[in-house]
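One structure is given below, encoded as structure tokens.
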Amino acid sequence: MSALPAPAELAALRATVNTYPSALLGYSGGVDSTLLAVVLRQQLGRDRMVAAIGRSASYPTAQWETARNLATRFDVPVIEIETHELADPNYLANSPNRCFYCKTELWSRLVPEARARGFAVVCDGTNADDLHEHRPGRAAGLAAGIRSPLAEAGFTKSAVREAARALGLPIWDAPAAPCLSSRVQYGLMVTPARLRQVEEGEAYLRALGVTGDLRVRHFGDAARIEVEPRWIPWLEARSGDVTARLSDLGFSRVEIDPRGYRRGSLLGERAAGR
């Protein structure tokens, strides 16, 4: 990849992290946290930063593999810590503020780990656009004293992608990949079995060749597949095989949503009383 001009925000980000004596980053392998991991590694060196992956049933295996491969490629030191949000009844109840309980659990593990290792700052990949969206987990981060260097440097999502591309990150244009629990209808209990259904359903569709934004929404006995509009006719032509595979996973009804992928569609439906 040829060198590309970096956005102006990148200088501000470097200046921000240069003020950190050391840092532990909550790292998922998405474009936001990967960009921040690479910049922290460049500015602070291996001994003054670490990227921490929280492992649980809600974190897709494919994303974990991506996170580890990217860390190896860019020489980012990584640790893995088990999180136990699925032991919290508040999380399992799956209300619209479920992410608050998830992030509360995550930071309750990562902050003590940072202190034990002597890292001065704990940070995450929140960007400036996230500050204006439904992000209940943000409150948990604020309560735990978590820094968000991307947001502080004014990075919007588009600027994150621009900087990631300039730095040669291969996932600069990868679709967003929130946790598996985000696919489960609000009010429907989150369980490891339901998370496996979602993960295996999406893995099957990826193996078929579907790219871009993809969600298998879990409605208990039913699955609703959301893809980018260009993939809808392609999937409909294969609906028999798709329905058979998702039926094998335990869904009695399978729908390919004719409206296509819509970010936060479960939240919108809840607000509409559906």
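Would you be able to tell me the number of residues in the stretch 220-233 that are more than 20 Å from the chain's Cα centre (by Cα) and surrounded by fewer than 16 Cβ atoms within 10 Å (Cβ to Cβ)?
Residues flagged as more than 20 Å from the chain's Cα centre (by Cα) and surrounded by fewer than 16 Cβ atoms within 10 Å (Cβ to Cβ) within the stretch 220-233 amount to 6.
Looking at this structure, is Leu36 more than 13 Å from the chain's Cα centre (by Cα) and closer than 20 Å to Phe119 by Cα?
So Leu36 passes the test.
Here's a check for you: in the stretch 102-130, which residue that is touching an Asp or Glu at 6+ places or on another chain (Cβ under 7 Å) and in a helix (DSSP H, G or I) is nearest to Ala57 (Cα to Cα)?
That would be Cys102.
Yes or no, residue by residue, for (1) in a helix (DSSP H, G or I); (2) closer than 22 Å to Phe155 by Cβ:
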residue: Leu25; (1), (2): no, yes
residue: Leu36; (1), (2): yes, yes
residue: Arg41; (1), (2): yes, yes
residue: Ala52; (1), (2): no, yes
residue: Ala57; (1), (2): no, no
residue: Thr66; (1), (2): yes, yes
residue: Ala71; (1), (2): yes, yes
residue: Asp75; (1), (2): no, no
residue: Ile79; (1), (2): no, no
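Please enumerate the residues belonging to the stretch 16-38 that are touching a residue at least 40 places away in the same chain (Cβ under 8 Å) and among the aliphatic types (A, V, I, L, M).
Val17, Ala23, Leu24, Leu25, Val31, Leu35, Leu36, Val38, listed by residue number.
Restricting attention to the stretch 179-219, report how many residues are surrounded by fewer than 14 Cβ atoms within 10 Å (Cβ to Cβ) and β-branched (Val, Ile, Thr).
Result for the stretch 179-219: 1.
What's the total number of residues in the stretch 241-261 that are under 16 Å from Val210 (Cα atoms) and part of a helix (DSSP H, G or I)?
Residues that pass the stated criteria total 5.
Just the residues that are surrounded by fewer than 18 Cβ atoms within 10 Å (Cβ to Cβ) and on the phi < 0 side of the Ramachandran plot, please, taken from the stretch 23-47.
Gln42, Arg46, Asp47
Kindly provide the set of residues from the stretch 147-171 that are closer than 16 Å to Gly30 by Cβ and touching a Cys at 6+ places or on another chain (Cβ under 7 Å), ordered by number.
Selection gives Ser148, Pro149.
Filter the stretch 63-78 down to residues that are touching a helix residue (DSSP H, G or I) at 6+ places or on another chain (Cβ under 6 Å) and not aromatic (Phe, Trp, Tyr) and give me whichever is nearest to Pro175 (Cα to Cα).
Leu70
Values quoted throughout were computed directly from the atomic coordinates according to the rules given, and no laboratory measurement underlies them. Not measured: the values here are computed from a predicted model. Cβ atoms come from the backbone with ideal geometry, glycine included; neighbour counts cover every protein chain shown.
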